[in-house]
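Beneath this line is the structure, given in structure tokens, with notes to follow.
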Amino acid sequence: MAVARTDNDTIFALSSGRPPAAIAVVRVSGPRGRAVLTAMVGLVPEPRKATLATVRDPASRAPIDQALVLWFPGPRSETGEDVVEFQLHGGQAIVVAVLAALGRMEGLRMAEPGEFTRRAFEHGQLDLTQVEALADLIGAETEAQRRQAFQQLRGLLGDRAEHWRTRAIEALAQVEAAIDFADEGDVPNDLTARAVAIAGPLAEEIAAAVAGAERGERLRDGLCVVIAGPPNAGKSTLLNKIARRDAAIVSPIAGTTRDLIEVHLDLNGYPVVLIDTAGIRESSTDPVEREGMRRAREQAARANLLLWIADATAADPAAVPAAGPGVTRMVVLNKMDLVRPQEMPRLDWQFKNKLGAHFMSATTGEGVDALISAVVDFVERYFTAEPALVTRERQRRVLNEVVQFLVESIALAEKAAGEELVAEQLRLAAAGLGRLTGRVDVEDVLEVIFRDFCIGK
Ligand SMILES: Nc1nc2c(ncn2[C@@H]2O[C@H](COP(=O)(O)OP(=O)(O)OP(=O)(O)O)[C@@H](O)[C@H]2O)c(=O)[nH]1
Ligand SMILES: [Mg+2]
């Protein structure tokens, strides 16, 4: 839903979950905050102290509830405006009565989704990366997601971007000085060289931050682990084992799984999307199965971790595909319970030694825990302890542009293409960094970011 902006309304909303609940939090933000207190509580409590008071209907003066009332006069409040917070008993009728009373007051209206946060942004309480972090924090389902979002909320990227922007502006200032002093002999070259000395390392630093971005985005969306291999190998059986539930149908008929089956997991605090695929065999002419195989291949190419699983009694090392770019492949031989002892040396040599394969039997359970541990290890190593600086596609896109402007400015300076042209690239770089935190030019991205919020936030 679109968020109304540039208005001076006082907004209100239920900020806690759906009643009935132990407590319901209703928040009010805007210039009429003090009037709300006078009309409904009959007093203006001491700022930032919880005060027990009777909340009344402003028209009839009839009491609605006993509540804790908090008063945060702006600008020292979450939105930067005057804020009133009611902590009511969380009954449906209480919430309805309070919201109705507020709605009847002059100059008040219900908040749009994300409008409190939007006002916080507009009053400079949060930068844009922090707004994004807030959405991520509320959406965080795993411990690692929570940690990353929390760090971002504390300004991890925002502060860095401000620092980068200052440096870009310094470089720009050098070039502008060069333009001003253009008549005075060799001063310009010297100044431009100084700008390049700032822009070069800056471009490298930003590029390095972007390179770590994949990890940050994965933590939001989940690492992609794909199970693929020939039909009937036990792929769906393995998915069910890892997911600890019967998410996929298992049967002795080859070609049971036809479409992708996706399970979202929390593996040791890390988000993982585990995908089971249709068995891959060349012989099939069934169009549905062929489409299933096409999807399986497509997913396998996109995986962070590919578990290629084959039936140990029919495994051919030549049939194991090479991993695509960016994909880590783990080879798994299943149904080890059916392998004849005399076959073992060959399997050891061809699969364990040469391909580092894991041996398992879903039927006896042998090797299953070891395989799951290997997957968990991979996931943990992927999300190393260092928190990612860049966590969203938008941030990555903006930073990539900034790097290009910087690189272009250096190229122009080295070609002696003229200070004006160099300055223009640096100006674009600084503006890009401003866009990242929402200092400049943000209208277009605001709608996209705020639409993920709920009402009352
Ligand atoms: N003996 C034995 N049978 C197994 C093992 N793992 C799975 N199976 C059986 O093998 C058959 C195929 O298992 P699925 O998990 O459906 O195999 P799949 O790879 O998903 O097969 P498709 O979806 O057809 O590609 C089922 O009957 C399973 O019970 C194992 O370790 N040992
Ligand atoms: Mg299957």
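The values are calculated or read from the model by the stated rules, or taken from the named source; none is laboratory data. Everything numeric here is computed off the predicted structure, so don't read it as measured data. Note: ideal-geometry Cβ built from the backbone for every residue, glycine included; neighbour counts use all protein chains shown.
Given the condition of a type outside the set (Asp, Glu), at pLDDT 95 or above and in contact with a His (Cβ under 7 Å, 6 or more places away or on another chain), answer yes or no: does some residue in segment 312-322 qualify? No. Scanning segment 370-388 for residues that are under 30 Å from the mean Cα position of the chain (by Cα), modelled with pLDDT of 85 or more and not β-branched (Val, Ile, Thr) gives Leu371, Ser373, Ala374, Asp377, Phe378, Glu380.
Residues are listed down the side, and each one gets a yes or a no for (1) assigned to a helix (DSSP H, G or I); (2) in contact with an Asp or Glu (Cβ under 8 Å, 6 or more places away or on another chain):
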site	(1), (2)
Ile275	no, yes
Gly279	no, no
Glu282	no, no
Thr285	no, no
Glu291	yes, no
Arg297	yes, no
Ile309	no, no
Arg329	no, no
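Is it fair to say Ala322 is farther than 22 Å from Pro252 by Cα and either over 32 Å from the mean Cα position of the chain (by Cα) or not in a strand (DSSP E or B) (or both)? Answer is yes for this residue. Looking at (1) free of Cβ contacts under 8 Å to residues at least 24 places away in the same chain; (2) within 16 Å of ligand 2 (Cβ to nearest atom); (3) within 26 Å of the chain's Cα centre (by Cα), which is the one condition that is false for Glu204? If we test Glu204 against (1) free of Cβ contacts under 8 Å to residues at least 24 places away in the same chain; (2) within 16 Å of ligand 2 (Cβ to nearest atom); (3) within 26 Å of the chain's Cα centre (by Cα), just (2) comes out false. The test for being in contact with a helix residue (DSSP H, G or I) (Cβ under 7 Å, 6 or more places away or on another chain) and either in a loop (DSSP other than H, G, I, E, B) or more than 26 Å from His264 (Cβ to Cβ) (or both) holds for Gly200.
With respect to Val263, determine if the residue is buried (at least 22 other Cβ atoms within 10 Å of the Cβ) and within 30 Å of Ala140 (Cβ to Cβ). Let's see the steps before the verdict.
Numbers: buried (at least 22 other Cβ atoms within 10 Å of the Cβ): no; within 30 Å of Ala140 (Cβ to Cβ): yes.
In short, no.
Does Leu99 meet the test of being modelled with pLDDT of 95 or more, touching a strand residue (DSSP E or B) at 6+ places or on another chain (Cβ under 7 Å) and surrounded by fewer than 18 Cβ atoms within 10 Å (Cβ to Cβ)? So Leu99 fits the description; yes.
Taking (1) modelled with pLDDT of 90 or more; (2) of a type in the set (D, E, K, R); (3) within 21 Å of Val390 (Cα to Cα) in turn, Glu141 satisfies each apart from (1). Scanning segment 211-230 for residues that are within 17 Å of the chain's Cα centre (by Cα) and small (Gly, Ala, Ser), we see that the one that is surrounded by the fewest Cβ atoms within 10 Å (Cβ to Cβ) is Ala211. Being over 24 Å from Ile138 (Cα atoms) and not charged (D, E, K, R) holds for only one residue in Leu70, Leu108, Leu99, and it is Leu108.
When Ala362 is tested against (1) within 15 Å of ligand 1 (Cβ to nearest atom); (2) farther than 16 Å from Ile227 by Cβ; (3) part of a loop (DSSP other than H, G, I, E, B), exactly one condition is not met: (2). Scanning segment 62-81 for residues that are more than 31 Å from the chain's Cα centre (by Cα) and either surrounded by fewer than 18 Cβ atoms within 10 Å (Cβ to Cβ) or of a type outside the set (Gly, Ala, Ser) (or both) returns Ala62, Pro63, Ile64, Asp65, Gln66, Leu68, Val69, Leu70, Trp71, Pro73.
Report yes if Met344 is surrounded by 13 or more Cβ atoms within 10 Å (Cβ to Cβ) and in a strand (DSSP E or B), otherwise no. So Met344 fails the test. Being among the aliphatic types (A, V, I, L, M), without any contact (Cβ under 8 Å) to a residue 40 or more places away in the chain and closer than 18 Å to Gly456 by Cα is true of Ala100. As a summary of the residue check, Asp337 satisfies the conditions (1) over 16 Å from Gln350 (Cβ atoms); (2) within 14 Å of ligand 2 (Cβ to nearest atom) except for the one numbered (2). Scanning segment 223-259 for residues that are in contact with an Asp or Glu (Cβ under 7 Å, 6 or more places away or on another chain), without any contact (Cβ under 8 Å) to a residue 40 or more places away in the chain and either hydrophobic (A, V, I, L, M, F, W, C) or more than 7 Å from ligand 1 (Cβ to nearest atom) (or both) yields Leu239, Asn240, Ala248, Arg258.
Only one of the listed residues (Ala247, Ala233, Ala243) is among the small types (Gly, Ala, Ser), more than 11 Å from ligand 2 (Cβ to nearest atom) and surrounded by 15 or more Cβ atoms within 10 Å (Cβ to Cβ). That residue is Ala243. Taken together, the residues in segment 250-268 that are within 10 Å of ligand 2 (Cβ to nearest atom) and not in a loop (DSSP other than H, G, I, E, B) amount to 1.
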